[in-house]
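The values are calculated or read from the model by the stated rules, or taken from the named source; none is laboratory data. On a predicted model such as this, the values are computed, not experimentally measured, just so you know. With ideal geometry, Cβ positions are generated from the backbone for all residues, glycine too; neighbour counts draw on all protein chains shown.
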Amino acid sequence: MKKFVWMLAVTAALLTNASTRADYTLNFGPVTGGEVVFTGTGNTFMFHNQYSATPLDIFKVTSASTGSSFPQPVLNLIGSITTGGANTVFTITNVDVPTQTGDVITPAGTKLTIHDGVHGSDFDFTADLDFTKIYTKDTTVGVESGGIVNLTNFDYQGTNVDLLELATYPGGFLVASIQFVNPSKSLSDLTEDGAVNKSSYSATLSAVPVPPSFVLMLTGGVLAGGVRALRRRRFLALA
């Protein structure tokens with residue numbers, strides 16, 4: 001029973017830490033020439049830079065909520081979304097016409113990268129990215145993961161305090177929002193054969209202190225262990 005109480009205390013401490021740790025969010029916008037391109041033939045989309053001499057760099061940090069004071073060192077840092085050293089090509093599948101929702105296939109090895117602006121590429125912040133869902137509503141196209149953590153394996157070895165703080169989190173969410181106005185675009189429009197549609201975008205990275213799956217697993221394990229312990233105590237009392 002003492003072990004069960006100890007496990008409950010550990011779980012409570014983890015949940016308390018997760019709920020009291022300050023929110024960490026980064027908001028992204030496109031660099032000059034940055035855009036999203038939807039190609040109907042093949043049902044794909046890609047974030048890329050049509051002007052820059054470094055086409056992989058597609059976004060910059062426009063605002064942030066971190067542990068540091070304003071102006072945060074992470075502001076205006078530039079980054080990319082790549083797979084195998086090239087701009088990532090995402091594939092849209094299973095489009096449901098009545099709801100204008102669909103699934104997204106993210107190639108294995110896709111990385112979100114933020115350059116710290118001081119060191120070389122060996123000191124970039126990197127995370128594994130996995131978009132899985134897409135939808136259209138009114139003038140907005142949303143790309144996300146259906147409430148599941150889609151940024152994992154954070155890594156940073158440089159000296160930027162905001163990126164160092166971000167690297168202490170076990171994971172996060174990345175949600176992208178693309179606007180099509182005059183005219184708006186449905187998912188059916190974006191995946192129509194022969195169609196090519198381009199637009200600007202914004203995105204938000206939200207770090208999560210404890211992966212939800214870990215919390216659920218830990219809580220479930222503790223409760224299961226407690227039930228077994230209580231049953232054993234009752235059995236011994238009746239024996």
Worksheet item: What do you reckon, is Phe173 under 10 Å from the mean Cα position of the chain (by Cα), outside any strand (DSSP E or B) and assigned by TED's automatic domain parsing to the domain that holds Thr83?
Response: no
Practice prompt. Select from region 185-221 the residues that are of a type outside the set (Ser, Thr, Tyr), modelled with pLDDT of 95 or more and assigned to a helix (DSSP H, G or I) and list them in ascending order.
Written response: Leu187, Asp189, Leu190
Worksheet entry | Whichever residue in region 140-160 is β-branched (Val, Ile, Thr) and either outside any loop (DSSP other than H, G, I, E, B) or modelled with pLDDT of 95 or more (or both) and, among such residues, is farthest from the chain's Cα centre (by Cα) | Thr140
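Name every residue in region 60-70 that is out of contact with any helix residue (DSSP H, G or I) (no Cβ under 8 Å at 6 or more places or on another chain) and more than 16 Å from Gly29 (Cβ to Cβ), in order of residue number.
Restricting attention to region 60-70, the residues satisfying the condition of being out of contact with any helix residue (DSSP H, G or I) (no Cβ under 8 Å at 6 or more places or on another chain) are 60-63, 65, 69-70.
Those that are out of contact with any helix residue (DSSP H, G or I) (no Cβ under 8 Å at 6 or more places or on another chain) and more than 16 Å from Gly29 (Cβ to Cβ): Ser69, Phe70.
Residue-wise test of (1) out of contact with any Leu (no Cβ under 8 Å at 6 or more places or on another chain); (2) surrounded by 21 or more Cβ atoms within 10 Å (Cβ to Cβ).
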site: Gly109; (1), (2): yes, no
site: Leu112; (1), (2): no, yes
site: Asp128; (1), (2): no, no
site: Lys133; (1), (2): yes, no
site: Gln157; (1), (2): yes, no
site: Ala167; (1), (2): yes, no
site: Leu174; (1), (2): no, yes
site: Asn182; (1), (2): yes, no
Worksheet item: So which pairs qualify, if the first residue must be in region 61-72 and assigned by TED's automatic domain parsing to the domain that holds Ile114, the second must be in a strand (DSSP E or B) and of a type outside the set (Asp, Glu), the Cβ gap must be under 6 Å, and the two must be at least 6 apart or on different chains?
Response: Val61/Leu26; Thr62/Asn27; Thr62/Gly29; Ser63/Asn27; Ala64/Leu26; Ser65/Thr25; Gln72/Ala64
Discussion item. Go through (1) in a helix (DSSP H, G or I); (2) modelled with pLDDT of 95 or more for Ser19 and report which single condition fails.
Written reply: (2)
Discussion item. Just to be sure before I move on: is Asp57 acidic (Asp, Glu) and over 16 Å from Tyr201 (Cβ atoms) in the structure I sent?
Written reply: no
Worksheet, complete the sentence: Expected single match for free of Cβ contacts under 8 Å to residues at least 60 places away in the same chain and farther than 26 Å from Thr136 by Cα among Asn76, Asn94 is Asn76
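Being among the acidic types (Asp, Glu), touching a residue at least 40 places away in the same chain (Cβ under 8 Å) and assigned by TED's automatic domain parsing to the domain that holds Phe47 narrows it down to one of Asp122, Asp138, so name that one.
Details: Asp122 fails: touching a residue at least 40 places away in the same chain (Cβ under 8 Å).
Asp138 is the lone residue from the list that is among the acidic types (Asp, Glu), touching a residue at least 40 places away in the same chain (Cβ under 8 Å) and assigned by TED's automatic domain parsing to the domain that holds Phe47.
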